[in-house]
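Right, one structure below, let's go through it.
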Amino acid sequence: MGSFGKFDTKDFDSFVSEFENKVRGKLIVTEVEVALSKTAGMAVNKVKKKTPVAKVSGGTLRRNWQASSTKYFGNTFMVDIYNDTEYAPFVENGHRIVRGGKTVGYQPGVFMLRDAIQEVDRNWDKLVGKRFIKAIDNILGG
């Protein structure tokens, strides 16, 4: 039986390696996005619990906390936690109390968003980190 010719697999092997790296890279990006999405959900739940409810608004501020979908730009992942309620920044950061055009006091901020983010950040490993590291290890064959 004769041979048909030689076939150099170097280029094919290079293609397969690059393809595997891209697939693994996409899987890692997906895992990061899932982890961030879950973390954002936890942060939203925590900020809602920390948000005061005024009798006048009936919980509008608390109800309006949301998280955006996870975005990936180059090597940066981002998710926004936001509240479209007009007075949200004043409750978060504090504000002057003005009567008759004169400042008569200051209402300190509640810092519900800041505190919720710090709490999630402190508990990252317990909440998401270990599961995320395990998923990355599985993707990389570890």
Matching residues, the range 74-99, being within 18 Å of I117 (Cβ to Cβ) and among the aliphatic types (A, V, I, L, M): M78, V79, I81, A88, V91
Any hit, the range 30-38, residues being exposed (fewer than 15 other Cβ atoms within 10 Å of the Cβ) and farther than 28 Å from G141 by Cβ: no
Qualifying positions in the range 88-99 - within 27 Å of A40 (Cβ to Cβ) and either free of Cβ contacts under 8 Å to residues at least 12 places away in the same chain or assigned to a helix (DSSP H, G or I) (or both): A88, P89, F90, V91, E92, N93
Residue tally, condition part of a strand (DSSP E or B) and either touching a strand residue (DSSP E or B) at 6+ places or on another chain (Cβ under 9 Å) or in contact (Cβ under 8 Å) with a residue 24 or more places away in the chain (or both), over the range 100-142: 6
Restricting the range 86-137 to residues that are of a type in the set (D, E) and within 19 Å of S57 (Cβ to Cβ), the residue that is surrounded by the most Cβ atoms within 10 Å (Cβ to Cβ): E92
Qualifying residue in the range 63-76 (condition: in contact with a strand residue (DSSP E or B) (Cβ under 7 Å, 6 or more places away or on another chain) and without any contact (Cβ under 8 Å) to a residue 12 or more places away in the chain): yes
Selection from the range 83-133 of residues that are among the hydroxyl-bearing types (S, T, Y) and either over 24 Å from A54 (Cα atoms) or in contact with a Lys or Arg (Cβ under 7 Å, 6 or more places away or on another chain) (or both): T103, Y106
Sole residue being under 25 Å from I136 (Cβ atoms), touching a Ser or Thr at 6+ places or on another chain (Cβ under 9 Å) and buried (at least 18 other Cβ atoms within 10 Å of the Cβ), chosen from A43, A67: A67
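A short reminder: the numbers here are calculations on the coordinates, not readings from a lab. As the structure is a computational prediction, the values presented were derived from the model and not from experiment. Quick reminder, even Gly has a Cβ in these numbers, built from the backbone with ideal geometry, and neighbours come from all protein chains shown.
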